[in-house]
């Protein structure tokens, strides 16, 4: 029995999430040095920390939902349009009245959930690839927005705007909400059957099926949550703008950016491996890089270049670690006897 | 003897009107290991899959603990207490051991998955088997094949399985791992679990099994206590098929030339100590059990996973074949085992597939090759309703294989490596492949033919190398018998060259003792 003594476990390997957070620390250290040397400013000033955390909240909400969908081996390209629609529905329902806040939030979330359910039903029922299914529903929503809205509409009351504007010390309320929801989702992935089954279906749908898992419900749940999170992001954007806007989601490029954050966080784009913790790390890396470049007043086009380099480099590193070769039968050493 | 826990009577199955299993009777008893043996295509896997609920049977009955059962889904069978450990594991490499064992029925406290309870239960099951080296929290992907197999067995036990069937459980295991598996099987026996054990390794079958059932060509040959069988008798029952004159004779004028392709002491991570010389006009057969390194050997020769030790010579020139492109340039061709995944661009027309290698490696010859392709295809008797423009995915398996062959013929290879060239194709296409091989031999091409069909190797090859555990276990001449090859491949005779093509009576038996 000793012959089986764990060859793979004697070497402690860093988890991908640990690497993400190490990278985050490295980015922060590097950014702090650059900011203080080049711009002669304090990276860790409360104002700057608030800026970074504010930058995290919207993308964070999108990315939490996107993580779920990607874990289930699908994708969600409809999120920016869902967010825009949510911002408009909420702002119009509230129409500046404090008493309408609950109704506005409720309508936005319910419509979001409904779009997510349609996405999930198309992916699992009609077996349409998630990329295409959500591209389609996204376009439908976009078309609706473009024909019915020529510009911003509605208005949200001051109390609702406070969500996007206030904070506890340097930490914005919106970021706290985002982190709280991230923690909830992480717990759900770990401690619910649906969470377990989402990993299973995303990892290998056939294995899941042969183990008696019903493969559709976890994927539908992931899509519903993804759209609900997109709606939440739309609400947060409305709270910041004070109005609803038909382009607020697509202008941010949140569809691809959220996918990039998820992948940067170490979640496998093919599904089945990863988690919310890594995604938040990925979102934070983006936020820090954006902040440093803003402070340094870097040309905005160069920003995208840096983002692009970071994404490609990260995925190259993960892939290098993930490539699994057949187990060798003969080690080189044995032959050198 | 106690009452049987599982009784199969008259079980039969056919696919598309072709009968693959006929009238199989078999009984499994608690605490007994029942060996199921037979050659490739004998119907062992089909039978197992019928028991497991993967396939439904066409005729016959199966009863489990006295109740007749008909499972429509593997999970149904598992819940009823009949678990199957397939060759292809049903595990999620990214999830840990406990999560895999309880996938689909995670224990809960209220709405919360009881992770601690799940881990504890998994550890108890592992402890019960005497395994203390697998942590329930380890990612399954980081386990060895043997450990993953143990996870599958633990999963079966977690269903409280009273019948566990195992399909070639030792095919991918090293010797010490086989021992571990045997000890686990003995523990399962003590608990009164009935085990159906499919294996090619006859030594193991005799060491482990109380009863043995022999299948041949989908029919039952015999079923009974292992003690009443000798190894020689068992091999005879497994084979016992007259060799037909199905294989074309050598073409006139075929002669062995100089050594075209030679490997000396070659090895990589998967094969080792490979000495191989193939002459112009020669067909060398490669036999061996599944997992013995046959495919790995031809892949090494073709530079897919190149040899990292030893030397390779083509026509006397020492070469480094570090990748397939280099190998193609040197006139080597590999007809892969899985033509759909590795041999063809399925959505492309016949013509483009036939020109795939030429365009990729010898673009300057494309124009000339384009004129040759129709001739090559018609000489292989490819029938495609849409002609050269037909997408290959719509062709039959045999015609697809001919397109693969045409693709390589267009490169005018000097060395052709064929990995299971007749797998899954009809008899007519098989004969066409054999004829082509004879023609290539006459033209002085050196050929290697890997096959699990022993009659095919015996019928076609000039000599046959037998692989076992990544090494050449022995060599047999053209007229070797299936018994000889099986014995070498299964490791029931000591390594070496068999001179007269037969193993004298008693040798096999002695080796097993």
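Can you give the translational diffusion coefficient of chain B in µm²/s, computed by Stokes-Einstein from the Kirkwood radius over Cα pairs at 20 °C and 1.002 mPa s? Let's see the in-between values first.
On the way: Rh = 24.8 Å.
Reported coefficient: 86 µm²/s.
Across chain B, the relative contact order, built from alpha-carbon pairs under 8 Å that are at least six residues apart, equals 15 percent.
Dividing the summed helix terms, -39500 (n - 2.57) for each DSSP H run of n ≥ 4, by the number of residues in the protein assembly as shown produces a 222 nm estimate of -15000 deg cm²/dmol to the nearest 500.
Taking the DSSP bridge list for chain B and keeping only pairs wholly inside it, about 55 percent are antiparallel. Max-minus-min Cα coordinates of region B:6-238 on each principal axis give 52, 37, 30 Å, with the largest extent listed first. Among A:160, B:86, B:15, a tally of other beta-carbon atoms within 10 Å of each Cβ gives an order, fewest to most, of B:15, B:86, A:160. Once the Kirkwood radius over Cα pairs is known for region B:359-491, the Stokes-Einstein relation at 25 °C and 0.890 mPa s delivers a diffusion coefficient of 149 µm²/s. Where both bridge residues fall in the protein assembly as shown, DSSP classifies roughly 55% of the beta bridges as antiparallel. Look at A:225, B:409, A:61 and count the other Cβ atoms within 10 Å of each Cβ; fewest to most, that gives A:225, B:409, A:61.
Determine the shielding of peptide B:120-133 by partner chains: average, over its residues, the number of Cβ atoms on other chains within 10 angstrom of each Cβ.
Values: counts 0, 0, 0, 0, 0, 0, 0, 0, 0, 0, 1, 2, 4, 7.
Partner Cβ neighbours, averaged per residue: 1.
Taking every residue in A:206-215 and counting other chain Cβ atoms within 10 Å of its Cβ, the average works out to 6. Mean projected area of the Cα convex hull of region A:95-149, taken over all directions, amounts to 4.5 nm². Each residue, residue B:76 and residue B:132, gets one label point 7 Å from its Cα in the Cβ direction; the gap between the two is 4.3 nm. Computed from Cα atoms, the angle from the helix B:145-158 axis to the main principal axis of chain B rounds to 30 degrees. Put a dot 7 Å past the Cα of residue B:120, heading toward its Cβ, do the same for residue A:251, and the two dots end up 5.6 nm apart.
Neighbour counts of other Cβ atoms within 10 Å put B:23, B:175, B:210 in the fewest-to-most order B:175, B:23, B:210. Nearest 5 percent is fine: what portion of the DSSP beta bridges confined to region B:6-238 is antiparallel? Here the antiparallel bridges make up roughly 55 percent for region B:6-238.
Both radii are taken from the alpha-carbon atoms of region A:49-136; with Rh as the Kirkwood radius, Rg/Rh is 1.05. Of the residues A:195, A:143, A:265, the one that moves most in a GNM of chain A with alpha-carbon contacts below 10 Å is A:143.
Expressed in whole Å with the largest first, what are the equivalent ellipsoid semi-axes of the protein assembly as shown derived from the C-alpha gyration tensor as the square root of 5 times each eigenvalue? Each step should come with its number before you reach the end.
Working: eigenvalues 643, 235, 136 Å².
Result for the protein assembly as shown: semi-axes of 57, 34, 26 Å.
One quarter of the surface of the convex hull around the alpha-carbon atoms of region B:387-435 equals 3.9 nm², the direction-averaged projected area.
Note on residue B:112 and residue B:326: the model spin-label points, each 7 Å out from Cα along the C-beta direction, lie 5.9 nm apart.
Across A:298, A:82, A:141, mean-square fluctuation computed from a Gaussian network of chain A (C-alpha pairs under 10 Å connected) peaks at A:298.
Using the Cβ-Cβ distance between residue A:147 and residue A:114 with R0 = 22 Å, the FRET efficiency computed as 1/(1 + (r/R0)^6) comes to roughly 0.70.
Quick note: the coordinates plus some simple rules give every number you see, no bench work behind them. Because the structure is a prediction, the values reported are computed rather than measured. Heads up, the Cβs are rebuilt from the backbone with ideal geometry, glycines too, and the neighbour counts pull from every protein chain shown.
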